[in-house]
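All remarks here apply to the structure that follows.
The values are calculated or read from the model by the stated rules, or taken from the named source; none is laboratory data. Here the structure is a predicted model, which is why all the values come from computation and not from measurement. Ideal geometry is used to build each Cβ from the backbone, glycine not excepted, and the neighbour counts take in all protein chains shown.
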Amino acid sequence: MQQYEQELCLYFELKGAPDSSKESYLRRIHAFINFIQNQNKCIEDIAEGDIQQYIIYLKNEKGLSAGTINNYISGIKFFYTYILNKEWNPKKIPRMKRPHHFPVVPPKQDVLAILNATANLKHKAILALIYGSGLRVGEVAKLKIRDICSKTMRVRVEHAKHNTNRYTILSNTALEVLREYFRAYLSSTDYKPEDWLFPGQDKSKHIHVKTIKNTLIKLRNRLQLDQNISAHTLRHCFATHTLEDGVDPVFIQQMLGHKSIKTTMTYLHMTSKSLMGIKSPLDTCYDGPTK
């Protein structure tokens, strides 16, 4: 396996792929190879039937979702074709159909309740940036001090999903929280612009994504809000609420970093009809009960 791992790491290095992609692929490939080896099979002899059995195992025994299983399939396909140099047949190893679920989008009042309940300044600044700028959790964790520009009121997002870079807006409210956080945590340190904006316990590393996710879960539970609300929900709220405020979807697409406008337009299904100024035909024609 060590030889294979070296080949995989070399590929990702040559491609310039982000570490998160490399780690994700390696983790799932390792899991697949362990499954094969536990059945006393040689890696070089892996066939389509072995992959099919592994997918069934992930579905029935591990109980993984279709989306997660498709991520495993992507990793296995890469290993099967790039490392083992074998032909991939999508008809025999299809990707699973994913059920479409609309994410929960709480009203603005609930989002503000979450922010107001956040006593920790660092966590409050992080959550304010996710909602105020539409950032992904991994993106806010990796922000550097230089990425915040109060003069142009922009946030620079580097090496994001699909290895893209973009700018998004900086909220005035989030900026005030950031300044308060900066005075409390960073002003007395010998910081540099390229330092992490939100360092972890090890100052050489950024805050862990799980820390941010767990923070939101604790707040959600304390406030007794919908159990489906997560840190990523704040990004959905940014998209939906800006759309309700009349912002052009093209601008929202750019701020969110979506590759396709179709992805952004899905938020149309989550907007509040009352805020979009739409009235039901029943309300426009109904005069009340007849006497």
Subset of segment 133-182 [outside any helix (DSSP H, G or I), surrounded by 16 or more Cβ atoms within 10 Å (Cβ to Cβ) and hydroxyl-bearing (Ser, Thr, Tyr)]: TYR167, THR168, SER171
Does segment 216-230 include one or more residues that are closer than 22 Å to ILE169 by Cβ and either β-branched (Val, Ile, Thr) or touching a Gly at 6+ places or on another chain (Cβ under 6 Å) (or both)? no
Answer yes if at least one residue in segment 226-233 is in contact (Cβ under 8 Å) with a residue 12 or more places away in the chain and touching a strand residue (DSSP E or B) at 6+ places or on another chain (Cβ under 8 Å), and no otherwise. no
Among the residues of segment 183-202, write down those that are within 25 Å of the chain's Cα centre (by Cα), part of a loop (DSSP other than H, G, I, E, B) and either surrounded by 12 or more Cβ atoms within 10 Å (Cβ to Cβ) or free of Cβ contacts under 8 Å to residues at least 40 places away in the same chain (or both). ASP195, LEU197, PHE198, GLY200, GLN201, ASP202
Go through segment 54-69 and count every residue that is within 15 Å of ILE29 (Cα to Cα) and either among the polar types (S, T, N, Q) or at pLDDT below 95 (or both). 1
Failed item, numbered, when LYS124 is tested on (1) touching a strand residue (DSSP E or B) at 6+ places or on another chain (Cβ under 9 Å); (2) buried (at least 17 other Cβ atoms within 10 Å of the Cβ); (3) free of Cβ contacts under 8 Å to residues at least 60 places away in the same chain: (1)
In segment 96-121, what residues are crowded, with 18+ Cβ neighbours inside 10 Å and assigned to a loop (DSSP other than H, G, I, E, B)? VAL105, PRO106, THR118
Here's a check for you: in segment 151-196, which residue that is modelled with pLDDT of 95 or more and polar (S, T, N, Q) is farthest from ASN116 (Cα to Cα)? THR152
